[in-house]
Amino acid sequence: MAGHALRGVPTLACSHACPETAIPWGLQAHLMFTPLTNCTEDPLTESTSPTDSPLISIVFHSGNGHTTEMSRAVARGASAAGNVSVVEHQISDADFKGGRWQNDDVLSRLDASDAIIFGSPTYMGGVSAQLKSFMDSTSSRYLQRKWVDKIAAAFTVSGLPSGDKHNMLLTCATFEMQHGMIWVGVAESPVTGDGYNRLGFFFGAAGQALFEPPSEAPSAEDKRTGEMLGRRVATLTRRLYDTRRT
Ligand SMILES: Cc1cc2nc3c(=O)[nH]c(=O)nc-3n(C[C@H](O)[C@H](O)[C@H](O)COP(=O)(O)O)c2cc1C
């Protein structure tokens, strides 16, 4: 598997409150280590900790906070799977130079990740321009085949029950296929009646939110769907990671 944060790039450590932690590339990181053995009072620590766990990165954009809620849910689910490190990278204005997304520190961290999960709101039936700009910035990785065989997945939020979210998720899937990554979709079906995947999207986790504040939407059911996707990604990444080490 790819190198972990502890295998080449600085390790991030967080306080036990585990809030969104300022990190040098100007993005938000929400770190959930299991166990929290890396936590120190210093929010950013370079470490040679022997932590032996796969690294799962989430890269997402959110205009008004609804997709942030989904990202938190996906991160929670991944973390709950246990023995993985999860880092969120929220695409921010600070990443844009000359109208293009550019952040080498984040790309290096993604190089070192075992799984990458992508998210944005559905805008005009596709990914947001900010996520697309990030995607375009990865063409050097594509040429070097750097992300081949990493696990990948996606999530989105849109205002309508469908809202053409499928096209957004397909764009992410196509992007990951170009990189040679291994796509993981949503396993839960609404037919079980458990409240998972109520919107019936299998290419990725889907939430719905329009004018409600992010504290109210996406719904608890949608966020549980995000958690399940995160958990699935983490479980499969862990299995692959262990297989590759033996
Ligand atoms: C520019 C723009 C385009 C949008 N396009 C769609 C769309 O195609 N389908 C849809 O259902 N909702 C659409 N919406 C609504 C957003 O997807 C929705 O409000 C979402 O919750 C925003 O997430 P955010 O708060 O993370 O930015 C659009 C909103 C904006 C601002």
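Read-outs: derived from the displayed coordinates by stated rules, not from any lab. Only a predicted model underlies this, so the values are computations on that prediction, with no experimental measurement involved. Counting neighbours? That spans all protein chains shown, and the Cβs are built from the backbone with ideal geometry, glycine included.
Worth pointing out:
- FRET efficiency estimate (nearest 0.05) - Cβ-Cβ, residue 239 to residue 192, R0 35 angstrom: 0.90
- When 142, 241 are arranged by Cβ crowding within 10 Å, least crowded first, meaning fewest neighbours, the order is 142, 241.
- Hits among lysines - C-alpha to C-alpha of residue 223 under 21 Å, sequence gap 8 or more where chains match: 165
- Straight-distance candidates among the aspartates and glutamates for linking to residue 97, with alpha-carbon spacing under 20 Å and chain neighbours fewer than 8 residues away dropped: 105, 136.
- Phi to ³J(HN,Hα) by Karplus 6.51 cos²θ - 1.76 cosθ + 1.60 over the range 206-218, Hz, x for Gly, Pro: 10, x, 10, 6, 10, 9, 5, x, x, 5, 9, 8, x
- Residues 93, 136, arranged from fewest to most other Cβ atoms within 10 angstrom of their Cβ, appear as 93, 136.
- Remark: 105, 52 ranked as 52, 105, counting other beta-carbon atoms within 10 Å and listing the fewest first.
- Gyration tensor (alpha-carbon) shape descriptor, the range 50-155, a/c threshold 1.5: oblate
- Divide the volume of the convex hull around the Cα atoms of the range 86-227 by the residue count and you get 116 Å³ per residue.
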